[in-house]
1. If you scan the stretch 107-148, which residues turn out to be within 12 Å of the chain's Cα centre (by Cα) and among the basic types (K, R)?
2. Among the residues in the stretch 135-144, are any at pLDDT 90 or above and farther than 25 Å from L35 by Cβ?
3. Having 2 or more residues that are closer than 18 Å to P40 by Cβ and out of contact with any Ser or Thr (no Cβ under 9 Å at 6 or more places or on another chain) is the bar; report the strands (runs of 3 or more DSSP E) wholly within the stretch 83-191 that clear it.
4. Can you tell me which condition R173 does not meet? The list is (1) without any contact (Cβ under 8 Å) to a residue 60 or more places away in the chain; (2) open to solvent by less than 40 Å² (accessible area, probe 1.4 Å); (3) closer than 27 Å to E103 by Cα, and all the others hold.
5. Among N93, N77, N113, which is surrounded by fewer than 14 Cβ atoms within 10 Å (Cβ to Cβ), in contact (Cβ under 8 Å) with a residue 24 or more places away in the chain and under 26 Å from Y143 (Cβ atoms)?
6. Taking T16 as meeting all but one of (1) open to solvent by less than 80 Å² (accessible area, probe 1.4 Å); (2) at pLDDT 90 or above; (3) of a type in the set (V, I, T), write down the number of the exception.
Amino acid sequence: MYEVLILLVLVNLGFTSYIWRTVRRGPKRKFLGKLLNGKPITPNHTPSSLRNGIEQRITDGDRRFFSDFEMFADALNHRFEPNEPWRLQERPNAELTGREEPEYGRRYEIFYNEYSVGNLQIFATHHYGPADPQVGTEIELQYARLLPFGEINRFISAIANFTASGNAEEAQRVKNTIHETMLDELWQHEFDPDLDSRNSGGSIELRFDGSAAAFLRTSTNRKARSI
């Protein structure tokens, strides 16, 4: 059964990668050249915070999460080589978007070379704590079809390795979510010529939940080395 699952994932990955290479259309060549061949930014973070509990509905888990994830952007950026395009830059506003009621987490702007291409939100789920640091991750990526499939997969996987890699099943579920989301975006653009987002490269949105234990171990080790 496990071998069949791996085969299906590989077929899905290969098919998605093929379509990704063959359906790029849209923005002018000059913009595309700068997007793909520019230089990565030097992030200038404006860290968010919970202002002494003034916000509504703040829990002890939220406070612990904010403390634990203080260095998340730097830790993720450190995983990429200096010439690689991806960078995170933290946003100052801690209020999550897409909510009817106020909720809070760490929010980041995603850069591909010098261009802002999306947003990342990470937040504590219920009962977040040292024994079970469960978090939610939401990624919105614009210009998605203009970027190399492998680069997107590598970036999202790097995030997932920190926020959803508690076990093999969790990691596999995230990989399936990535490939299904990207394939769905391509499918819409290939067969619906009236989509407004065709010329802007489209966008993808995905969410996954999981354990941040891997990130917390990395963070603890970095702090120990600095001491």
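1. R107
2. Among the residues of the stretch 135-144, at least one is at pLDDT 90 or above and farther than 25 Å from L35 by Cβ, which makes the answer yes.
3. Values: elements: 86-90, 106-112, 115-124, 134-142.
By residue number, 86-90, 106-112, 115-124.
4. Of the numbered conditions (1) without any contact (Cβ under 8 Å) to a residue 60 or more places away in the chain; (2) open to solvent by less than 40 Å² (accessible area, probe 1.4 Å); (3) closer than 27 Å to E103 by Cα, the odd one out for R173 is (2).
5. Values: N77 fails: surrounded by fewer than 14 Cβ atoms within 10 Å (Cβ to Cβ); N113 fails: surrounded by fewer than 14 Cβ atoms within 10 Å (Cβ to Cβ).
Criteria check complete, one pass: N93.
6. (2)
To keep it simple, each residue is scored yes or no on (1) touching a strand residue (DSSP E or B) at 6+ places or on another chain (Cβ under 7 Å); (2) of a type in the set (K, R); (3) in contact (Cβ under 8 Å) with a residue 24 or more places away in the chain.
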residue	(1), (2), (3)
P133	yes, no, yes
G136	yes, no, yes
L147	yes, no, yes
E151	no, no, yes
E169	no, no, no
H179	no, no, yes
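The values are calculated or read from the model by the stated rules, or taken from the named source; none is laboratory data. As the structure is a computational prediction, the values presented were derived from the model and not from experiment. All Cβ positions, even for glycine, are placed from backbone atoms using ideal geometry, and neighbour counts span all protein chains on display. The accessibility values were calculated without ligands, DNA or RNA, using every heavy atom of the protein model including side chains. Shrake-Rupley method; radii C 1.70, N 1.55, O 1.52, S 1.80 Å.
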